[in-house]
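One structure below.
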Amino acid sequence: MPAGPPIHPSAPTAAPTTAITNIAALVTNDPSLGDGSPIGLIQDAAVVIGGDRVIWVGESSKAPATDNAVDADGRAVVPGFVDSHSHLVFAGDRTQEFNARMSGRPYSAGGIRTTVTATRAATDEALSANVARYLAEGLRQGTTTQETKSGYGLTVTDEARALRAAARHTDEVTYLGAHIVAPELADDPAAYVGLVTGDMLDACAPYARWIDVFCEKGAFDGDQARAILTAGRAKGLQPRVHANQLSYGPGVRLAVEMDAASADHCTHLTDEDVDALANSRTVATLLPGAEFSTRAKWPDARRLLDAGATVALSTDCNPGSSFTSSMAFCIALAVRDMGMTPDEAIWSATAGGAAALRRTDVGRLTRGARADLVMLDAPSHVHLAYRPGVPLTREVWRAGERLH
């Protein structure tokens, strides 16, 4: 171990310290470090972990003495991915719908009803097991922070049990009773909005941190979405919005008006939408898996970045329009088809996702951050886009624990 000032535990019961050394390239997402870029890239680096936190980062030759050491052997290390948009509480799949769509049928919000039927019929145990399965799948690929939503129950009972299932497995839980109008109230959307903002909200709020709404033709218009988000905020839930996925509409500007943490999809944007995002705290979360799986128009990440908007990348993992849990795949798509550089894409998949969840403890590898990191079987984070489809995750650490 290279010589350096030792790090002593503050008490006999303090957690042992571990240094990961010989890192070829370390993405810290701190521009005050390394090369001074937004990703704060340090070459020939080391990270020191104490308990569940990062307690030191820097050049490997300057690493302090620690209790344990792990040799990265010239591999790259990046922060754990932060997947800030997914729909993991569901049953069944929509293989037939995907097959038909790939044969020329366009995607529409109506396909959600298929999953609603299967989810309502599933047991609590089956829903919980599904959430655990897909969270574990993402974790194996480096996703250490995961948001997920309800939205496939659309009754008071089914939405509440979906959120209970999600809350057993992740802290980032979103109430999406306003995914579509429930089939049994299709002819009375006002009654359904009343349910979403009334009894359903009362039952669901204790299990969620966020409230979301699909503001889109065929789902909820701007006035309905505003009422839903306002009611949720009154119950202590923070807003986020499915915005401008299938068409131009009010979703993005509503998200900014409501100081939503994130406007998600952002595929069809006017100049006014872009300006609104660039001059707000609302993150534009782009979900390239959805465009890939529906052959839809790609979001223009370059336009948003050049305007000064904060951009996140996420999987939108769901059984209908983006059945992927791979953040690496989304990074590759963003670089290939959305105008992002590899540096911008890794930032958006880590620090950008953290911003979309208004978190400062994840998405970066700096002193005091949670020790969530991914060691890649590659010398640079650029390989995530350079080698699409290749399983590059060598090790995953979450909260200081070496998991995979």
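The accessible-area ordering, largest first, of the residues Asp275, Asp316, Asp124 stands as Asp275, Asp124, Asp316, per a 1.4 angstrom probe. Which residues in region 240-279 have a backbone N closer than 15 Å to a point placed 7 Å from the Cα of Lys297 along the Cα-to-Cβ line? Residues passing the 15 Å test: 243-252, 265-274.
Please determine, in degrees from 0 to 90 and to the nearest 10, the orientation of helix 327-337 with respect to the longest principal axis defined by the Cα atoms of the chain, where the helix direction is its Cα long axis. Around 80 degrees separate the two axes.
The mean accessible area for residues of the chain, using a 1.4 Å probe and ignoring ligands and nucleic acids, is 38 Å² per residue.
Counting only heavy atoms of the protein chains and using a 1.4 Å probe, Glu172 has close to 10 Å² of accessible surface. Relative to the dominant Cα principal axis of the chain, helix 124-140 is inclined by about 40°. Taking other residues whose beta carbon is less than 13 angstrom from the beta carbon of Asp73, and scoring Lys, Arg as +1 and Asp, Glu as -1, yields -2.
Close amide-amide hydrogen proximity is noted between Arg394 and Met375, Leu376, Asp377, each under 5 Å apart and 5 or more residues distant or on a separate chain (H modeled in the peptide plane; Pro and chain starts excluded). Could you tell me the center-to-center distance, by alpha carbons, between region 19-48 and region 199-261 in angstrom? Using only Cα atoms to place each centre, the spacing works out to 38 Å. Computed over the chain with a Gaussian network model linking Cα atoms closer than 10 Å, the most mobile of Gln224, Gln238, Gln96 is Gln96.
Which label belongs to the value computed from this structure, given these candidates for log10 I(q)/I(0) by the Debye sum over Cα atoms at q = 0.09, 0.14 Å⁻¹: (i) -0.52, -1.17; (ii) -0.50, -1.32; (iii) -0.59, -1.13? Here log10 I(q)/I(0) by the Debye sum over Cα atoms at q = 0.09, 0.14 Å⁻¹ agrees with entry (i).
The count of lysine pairs in the chain with alpha-carbon distances below 25 Å, taking only pairs 8 or more places apart or on different chains, stands at 4.
Would you mind telling me which residue in Thr366, Thr170, Thr21 has the biggest mean-square fluctuation in a Gaussian network model of the chain, where springs connect alpha carbons within a distance under 10 angstrom? Residue with maximal mean-square fluctuation among Thr366, Thr170, Thr21: Thr170. Of the peptides 331-338, 97-104, the order by per-residue mean of other Cβ atoms within 10 Å, starting with the highest, comes out as 331-338, 97-104. Expressed as a whole percent, the accessible surface of region 243-314 that belongs to carbon and sulfur atoms is 48, based on a 1.4 Å probe. Can you tell me how region 176-216 classifies by the Cα gyration tensor, rounded, prolate or oblate, using a/c under 1.5 as the rounded cut? In terms of gyration-tensor shape, oblate. Which net charge results for the neighbourhood of Ala307, defined as the other residues with beta-carbon distances under 11 angstrom from its beta-carbon, given Lys and Arg at +1 and Asp and Glu at -1? Summing Lys/Arg as +1 and Asp/Glu as -1 gives -3. Taking Thr115, Thr393 and ordering them by how much accessible surface each has at a 1.4 Å probe, largest first, produces Thr393, Thr115.
Rounded to the nearest 500, what is the 222 nm mean residue ellipticity of the chain from helices alone, with -39500 (n - 2.57) per DSSP H run of 4+ residues and division by all residues? Only helices count here, giving -8500 deg cm²/dmol. Of the residues Glu159, Glu401, the one with the largest accessible area comes first in the ranking Glu401, Glu159, computed with a 1.4 Å probe on protein heavy atoms.
The values are calculated or read from the model by the stated rules, or taken from the named source; none is laboratory data. Being a predicted model, the structure only gives us computed values, none of them experimental. Cβ coordinates were reconstructed from backbone atoms using ideal geometry, including for glycine residues, and neighbour counts include every protein chain displayed. Surface accessibility is based on the protein's heavy atoms, side chains included, excluding ligands, DNA and RNA. Shrake-Rupley method; radii C 1.70, N 1.55, O 1.52, S 1.80 Å.
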